[in-house]
Amino acid sequence: MPDSQPRRPDDNVPDSADAATTADHPALVLGGARLADGRTVDVRLSGSRIEAVGTAGSLSARGPRIDLRGYLLLPAPAEPHAHSDTALTADSAGPDSPGPASHRAEDIQRRATEAALLQLGHGATALRSHVRVGDVQGLAPLEAVLQTRRALRGLADVMPVAVPRLLTGIAGADSLAMLRDAVKMGAAVVGGCPDLDPDPTGYTQAVLEIAAEHGCPVDLHTDGDDPTRLARLTAMAAGLRPGVTLGPCGGLAHLPLDAAARAADRLAAAGITVVCLPQGGCAGAERRTTAPVRLLRSAGVRVVAGSGAMRDTANPVGRGDPLEAAYLLASQAGLRAEQAYALVSTTARAALGLPDVRVEAGFPAELLAVRGERLSAVLSLAYSRIVIHGGRIVARTSAVREYCDSDDSATGLGGLPRQGRPDPGAGPRN
């Protein structure tokens, strides 16, 4: 197979990293990687994009060469539903804890940064983070997450969502003004929890109006267990550009089948994306049930999968791992491995308004290499990972499994593959 010709996909999305010179970012060749379609290829990256793809051993390296033999190379995941401001606070809520989690801006920033780096290590090179605004803390949590976004520039893309608690009546007046300020500060998305407001319809209307004023996407928390309320919300949000996302919608799974099917049809007709949370709930989510993914997809709804809470009181053991979300969708929701992975990668990126990623020349170099030869095996045993953002390696996780010595002739285990310490110069560690 000859080198594929460089081309730029028609994503119409500016990429600030394109301005980087090759001197700042020397070309990087990923050698011997296996693709999901079974091909083994070399991939050359230049700047923030894939420059060429060719048969294994066919591409020369003008810079570093990384041996990816034994790795599956995939489009990098994107996290569509995180809660960075409350992440890593579960240990402060137990009876043996030293006290409640600190709400000082510097402590929120530290936790948000650590959480984002953990998710980056799992492979998510972009994440949308829901951040509470209003009440006593005002805009401090948002400012902390914005600081995290600045600190991680070049490593991962962090997109904060401003989430007020109340927006209607006298109690919501201050939050409404604060939501407008949040967008001016840099919140990328307007969000909220209409189910928690005394007037869910008024709340939704306020969010949609502010989003329309500023041309922002909308991302709302809802359980989805009230068909009438959900139908009203869907009708109000239909056709809004640049788009509306709802999640986690676990209540849809508890509706009668015909009611859930009608709701799915309405969501599809309105062009609304649903974010499900297979790994557990999140702040403000009443149910742990995952939205009915297959029902929604069969109706034509764009469904993506997020992580939700990450080791906070809503899910003290939340891992924030997109591959675990894909594994759960494949093992419990009946999706094929390829479908499940798309919900945390290419489809999730589209829902976040990010450029499409394919392992082809001209596409963004947002990639994840995982030890394994098939996607089903990768979702089962996704230990060793190499994460590429903007054309450079930004995270590497290397897992080494060793077994004690045994007499193969006595155990009958001769010839079994063993994972041990690689020889120097043999490429990335297993």
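Just a few scattered comments:
- All positions within the stretch 159-176 that are touching a Cys at 6+ places or on another chain (Cβ under 8 Å) and open to solvent by less than 60 Å² (accessible area, probe 1.4 Å): 163
- Filtered by the rule that a residue be more than 25 Å from residue 46 (Cα to Cα) and more than 18 Å from the chain's Cα centre (by Cα), the stretch 332-368 gives 332, 333, 334, 335, 336.
- Residues in the stretch 186-198 that are in a helix (DSSP H, G or I) and not charged (D, E, K, R) were compared, and the one that is surrounded by the most Cβ atoms within 10 Å (Cβ to Cβ) is 194.
- Residues in the stretch 98-146 that are in contact with a strand residue (DSSP E or B) (Cβ under 9 Å, 6 or more places away or on another chain), at negative phi, open to solvent by 60 Å² or more (accessible area, probe 1.4 Å) and of a type outside the set (A, V, I, L, M): 132 only.
- Just so you know, in the stretch 138-185 the residues that are of a type in the set (Val, Ile, Thr) and in a helix (DSSP H, G or I) include one that is farthest from residue 386 (Cα to Cα), and it is 170.
- Screening residue 211 on (1) under 24 Å from the mean Cα position of the chain (by Cα); (2) closer than 18 Å to residue 145 by Cβ; (3) modelled with pLDDT of 95 or more shows it passes everything except condition (2).
- Condition broken by residue 402, with the remaining ones in (1) of a type in the set (D, E, K, R); (2) open to solvent by 50 Å² or more (accessible area, probe 1.4 Å); (3) at pLDDT 95 or above satisfied: (3)
- Filter result (farther than 17 Å from residue 289 by Cβ and either open to solvent by less than 10 Å² (accessible area, probe 1.4 Å) or among the hydrophobic types (A, V, I, L, M, F, W, C) (or both)) within the stretch 318-340: 320, 321, 322, 323, 326, 330, 337, 340
- Test: residue 156 is closer than 13 Å to residue 127 by Cα, surrounded by 17 or more Cβ atoms within 10 Å (Cβ to Cβ) and modelled with pLDDT under 95: no
- Unique residue being open to solvent by 30 Å² or more (accessible area, probe 1.4 Å) and more than 17 Å from the chain's Cα centre (by Cα) when the list is 371, 302: 371
- Under the condition of being at pLDDT below 95 and either in contact with a helix residue (DSSP H, G or I) (Cβ under 6 Å, 6 or more places away or on another chain) or part of a loop (DSSP other than H, G, I, E, B) (or both), the residues counted in the stretch 16-35 number 8.
- Those helices (runs of 4 or more DSSP H) of the stretch 299-376 in which at least 3 residues are farther than 30 Å from residue 215 by Cβ, considering only elements entirely within it, cover 322-332, 337-344.
- Looking across 195, 199, 225, one residue alone is touching a helix residue (DSSP H, G or I) at 6+ places or on another chain (Cβ under 6 Å), more than 27 Å from residue 149 (Cα to Cα) and of a type outside the set (Gly, Ala, Ser). It is 225.
- Taking (1) of a type in the set (A, V, I, L, M, F, W, C); (2) crowded, with 23+ Cβ neighbours inside 10 Å; (3) touching a helix residue (DSSP H, G or I) at 6+ places or on another chain (Cβ under 6 Å) in turn, residue 282 satisfies each apart from (3).
- Contact annotation: residue pairs with Cβ atoms under 8 Å, 6 or more positions apart or on different chains, pairing a residue in the stretch 209-222 that is under 21 Å from residue 249 (Cα atoms) with a partner that is hydroxyl-bearing (Ser, Thr, Tyr) and in a helix (DSSP H, G or I), are 220/204.
- Test: residue in the stretch 344-361 that is closer than 21 Å to residue 39 by Cβ, crowded, with 22+ Cβ neighbours inside 10 Å, in contact with a Lys or Arg (Cβ under 9 Å, 6 or more places away or on another chain) and modelled with pLDDT of 95 or more: yes
- Scan of the stretch 48-85 for residues that are surrounded by fewer than 21 Cβ atoms within 10 Å (Cβ to Cβ), part of a loop (DSSP other than H, G, I, E, B) and not basic (Lys, Arg), ordered by number: 48, 56, 57, 58, 60, 61, 63, 64, 70
- Subset of the stretch 240-271 [in a loop (DSSP other than H, G, I, E, B), open to solvent by less than 50 Å² (accessible area, probe 1.4 Å) and farther than 18 Å from residue 354 by Cβ]: 240, 249, 255
- Check on residue 297, closer than 30 Å to residue 389 by Cβ, touching a strand residue (DSSP E or B) at 6+ places or on another chain (Cβ under 8 Å) and among the basic types (Lys, Arg): yes
- Single condition residue 119 does not satisfy, out of (1) within 15 Å of the chain's Cα centre (by Cα); (2) not in a helix (DSSP H, G or I): (2)
- Close pairs from the stretch 154-172: first farther than 26 Å from residue 76 by Cβ, partner part of a strand (DSSP E or B), Cβ under 6 Å, at least 6 apart: 164/133; 164/134; 164/192; 165/134
The values are calculated or read from the model by the stated rules, or taken from the named source; none is laboratory data. For clarity, every value in this text was computed on a predicted model and none was experimentally measured. Cβ sites come from the backbone with ideal geometry, for glycine too, and all protein chains shown count toward neighbours. Please note that ligands, DNA and RNA were not included when accessible areas were found on the heavy atoms of the full protein model with its side chains. Shrake-Rupley method; radii C 1.70, N 1.55, O 1.52, S 1.80 Å.
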